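Engineer: I'd like to ask some things about the structure below.
None of the figures in this text is laboratory data; all of them are computed from the coordinates on show. Predicted model only: the values in this text are computed from it and were never measured.
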Amino acid sequence: MIERLLEAAETAAFAAGTAILDIYASDFAVARKSDASPVTLADGRAEAIILRHLAAAAPDIPVIAEEQAEALGLPDRIPPRFWLVDPLDGTKEFVKRNGEFTVNIALIEHGEPVLGVIGIPVKGVIYGAAGPDTAYVVDTSGRIRSIAARHCPAHGATVAYSRSHADTTRLEDWLADYAIADRIVAGSALKFCLIAEGVADLYPRFGPTMEWDTAAGQALVEAAGGSMTRLDGSPFRLRQGRLPQPWIRRAGAELKPLARTAGEGGTRRVSAGRVRVAPLRKRPNEARDSGCYGVAS
């Protein structure tokens, strides 16, 4: 069953990506949503295509999708099992025409993303996963290649961070405690793919984001042997019933979502299968929690 749903999500992401590229090549208009974020014809058209594909494949599974939620609001009660869709993650990058946008589709069961698909339309590739050790990428020729998160290199980690949403001051303060060998700036859910494929090791995110931005990436990273945690190492869970989820201030402290490849003594998810131990070298005299963090958008 899960394999069939994964195939349906992959097909939907590919079809949506094709429609997105058609509009990307045109002189499209840009509007603003209620939160002042940009939206284009591509967002709505891609979402309509995804909704049709998912309904045809699994008519009994409801869908929560970003543009539908913007127009109609969220359901009063969140079902225990549902699709969570961001039809065009990285609309700012789409508008800038830098190619760094994705299609994100996740299947949520009881607050956990059990399936995730991320399409990168400009590259013509699809990343997907549905459980431990299932992470893969489909290239432009249709070839499927298994992928996995890597050990952090001995000389230091490669950190990925947001092109349009990075809090530079907080990022630099946090990174100052760790040995960083390289940096990658990228938009949208591309950072999840970099971690899952073993290209990057760390992606700290300090600002708010939405669950449809992160769910597919979380499923992908965990299937690739990484994990997604908060800064204190506690498990990152979808706040079922209060979607979309910005990470907000509580009790005077802002929650800081991070995805982490489990380090020596770090958090390990039993469901993550073979978790690759990937210690991150800290600088001397540091008392903070150690570990090699992975993606979280």
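Engineer: Give the span of the stretch 44-129's Cα atoms along each principal axis, as three whole-Å numbers ordered largest to smallest.
Structural biologist: 37, 29, 23 Å, listed from the longest principal axis down.
Engineer: Sticking with this structure for a sec: Decide, for the stretch 14-57, between rounded, prolate and oblate: order the square roots of the alpha carbon gyration tensor eigenvalues as a ≥ b ≥ c, take rounded if a/c falls under 1.5, and otherwise choose prolate if a/b is larger than b/c, else oblate. Spell out each step's value before the answer.
Structural biologist: Numbers: a/c = 3.77, a/b = 1.44, b/c = 2.61.
Since a/c reaches 1.5 but b/c is at least a/b, the shape of the stretch 14-57 is classed as oblate.
Engineer: Same structure, new question: When the Kirkwood radius is taken over all Cα pairs of the stretch 121-232, what Stokes-Einstein diffusion coefficient follows at 25 °C and 0.890 mPa s, in µm²/s? Don't skip to the answer; put the middle values down first.
Structural biologist: Details: Rh = 14.7 Å.
Approximately 167 µm²/s, per Stokes-Einstein.
Engineer: What whole-number volume per residue, in cubic angstrom, does the convex hull of the C-alpha atoms of the stretch 1-151 give?
Structural biologist: Values: hull volume 20.2 nm³, N = 151.
Residue-normalised Cα hull volume stands at 134 Å³.
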